[in-house]
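Asker: Please see the structure below; I have some questions.
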């Protein structure tokens with residue numbers, strides 16, 4: 001937990017010092033999160049289980065996040081469209097998203113099983129998944145940036 005608090009502090013300092021890439025990532029995440037959370041709430045309203053609604057919402061957010069991340073946030077680290085390297089980046093991006101999906105569904109499912117409101121569990125999942133996927137994407141998917 002201490003490492004997470006330290007990393008969050010570092011990210012906050014980056015924001016204060018104008019780290020444009022991180023701020024763009026935050027904005028990309030907001031757009032993807034709006035897709036994710038909006039769909040999550042709609043599906044919950046239809047009676048779908050929280051676990052399933054969380055997975056569908058998050059998966060939709062993955063697509064939105066790739067589009068924004070590869071074109072705006074990490075555009076200078078994105079490989080040329082159609083290249084083998086671009087295909088590798090897409091695979092790594094999906095891999096990072098699947099890690100985020102596993103984190104999200106585990107937290108939401110675990111929270112619901114523990115009797116927490118699914119929306120509260122989703123908020124916790126958002127924070128943890130955001131940090132994990134940012135680190136994976138900045139250091140592995142679009143490395144060398």
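FYI, it's all coordinate maths here, none of it is from the lab. What you see is a predicted model, and the numbers here were worked out from it, not measured in a lab. Counting neighbours? That spans all protein chains shown, and the Cβs are built from the backbone with ideal geometry, glycine included.
Asker: What is the spin-label model distance, in nm, from residue 135 to residue 31 if the labels are put 7 Å beyond Cα along the C-beta direction?
Answerer: Placing both labels 7 Å beyond Cα along the Cβ direction yields 2.6 nm.
Asker: With a point put 7 Å past each Cα toward its Cβ, work out how far residue 60 is from residue 92 in nm, to one decimal.
Answerer: Taking the two extended label points, one gets 2.9 nm.
Asker: Okay, moving on. Suppose R0 equals 35 Å. What FRET efficiency, 1/(1 + (r/R0)^6) with r the Cβ-Cβ distance, do residue 76 and residue 114 give to the nearest 0.05?
Answerer: Given R0 = 35 Å and the Cβ-Cβ separation, E is 0.25.
Asker: While we're on this one: Points 7 angstrom from Cα along the Cβ direction at residue 127 and residue 23: gap in nanometres?
Answerer: Spacing of the two 7 Å Cα→Cβ label points: 2.4 nm.
Asker: Over the stretch 39-145, what is the relative contact order in percent, taking alpha-carbon pairs closer than 8 angstrom and at least six residues apart? Don't skip to the end; give the middle numbers.
Answerer: On the way: 91 pairs, mean separation 31.0, N = 107.
Once divided by the residue count of the stretch 39-145, the mean separation gives 29 percent.
Asker: Let me ask something additional. So what is the calculated 222 nm ellipticity per residue for the chain, using -39500 (n - 2.57) for each DSSP H run with n of 4 or more, over all residues, to the nearest 500 deg cm²/dmol?
Answerer: -26000 deg cm²/dmol
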